[in-house]
Each structure stands twice: as C-alpha cells, then as structure tokens.
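Every number in this text was worked out from the coordinates using simple rules, so none of it is lab data. Since this is a predicted model, take the numbers as computed values, not measurements. A quick note on method: Cβ atoms are made from the backbone with ideal geometry, for glycine too, and the neighbour counts reach across all protein chains shown.
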Amino acid sequence: MKNQFKVICPSITPLPPLLATAIAIITLLPITIRADTSAKIMAYACYTCHGKELMSYNTPTLKLTQQLLAFKNGSKTSTIMERITKGYSNSELQSVATYINNPKNAF
Ligand code: HEC
C-alpha cells in the first residue's frame, strides 16, 4: 500500500539535456518563423487587390511606410486598409514597403 504510487508511476526521471534542448527548439521553431512574415508573402497579399499598380505607385519607401502606418493608426481614413495594416507589425509594414519599392521584385 505504501509503494502504490511508485508502481503506477515508476519512473519520472529528468530528460537528458540534449533531448530537452531538441524538444525546446522544435516547440519554439514555429513561433520564430511566424514572427518573421516574409515581405514577399505580404506583397502577394497586397497584389491580390492592387495588382501591378502596386509596384507603379513609385512612392519612396519612407513615404509608403508612413502611408501604411497612417492607415494603421487611423489618421488616414480608409475602408479596408486600416484593417489590413492592423494585421502587421510596424517593422513588417516597413519591410513590405521596401520590398514593393525594389524594381527587382516587380510582379
Ligand atoms: C482587400 C484588398 C486590399 C488589400 C489586400 C490591400 N489593399 Fe491597399 N488599398 C485597398 C483599398 C480599397 C485602398 C483605398 C483606401 C481604402 O479605402 O482602404 C487601398 C489603398 C492603398 C494605398 C494608398 C494608395 C493611394 O494611392 O493613396 C496603398 C499605398 C496601399 N493600399 C498599399 C497596400 C499594401 C502595401 C498592401 C499589402 C500589405 C495592401 N495595400 C493590401 C485595398 C487593398
């Protein structure tokens, strides 16, 4: 009776350090990938509505970033862009603006 717990749960031993590290990396990996939404993926989302016109706005990166941030904080009124830009961090908006302004990335 005294040793009942031991029988049901015979061995709770700590994981070997290497295995514990591997599990930690595998668990945290998707978080790291998600945090860095690639500018290319974002630009494709923009492209679905804006089409090729998106690349021809020809706005300097800084101005485009400011425009996107203005949509995000509501200081520039919009029907849809406020909702879209709120889905991204400020640095993600900056990277998509940089991506769009690079002629090498033209669709
Ligand atoms: C669902 C369709 C849709 C998507 C997706 C979308 N936009 Fe827009 N965008 C619009 C609409 C509609 C406007 C006009 C402003 C408004 O009413 O929201 C606009 C306006 C803009 C403007 C201002 C253009 C101007 O001439 O003033 C910029 C810049 C812009 N979008 C960039 C982007 C970027 C960058 C993305 C991707 C992160 C994006 N848009 C994604 C629909 C979209």
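Where in segment 59-92 are there trypsin sites (Lys or Arg not before Pro) that are in a DSSP coil and have at most 14 other Cβ atoms within 10 angstrom of their Cβ? Mind dumping the intermediate values first?
On the way: sites: LYS63, LYS72, LYS76, ARG83, LYS86; in loops: LYS76, LYS86.
Passing both the DSSP loop test and the Cβ count: LYS86.
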Original post:
Points 7 angstrom from Cα along the Cβ direction at THR77 and THR61: gap in nanometres?
Top reply: 3.3
Subject >> Tensor-based shape of segment 45-107 (alpha-carbon gyration tensor, a/c under 1.5 rounded, otherwise prolate or oblate) >> reply: prolate
Original post:
Quick one: Karplus J couplings for segment 96-101, per residue in order, coefficients 6.51, -1.76, 1.60, θ = phi - 60°, nearest Hz, x for Gly and Pro?
Top reply: 5, 5, 5, 4, 4, 7
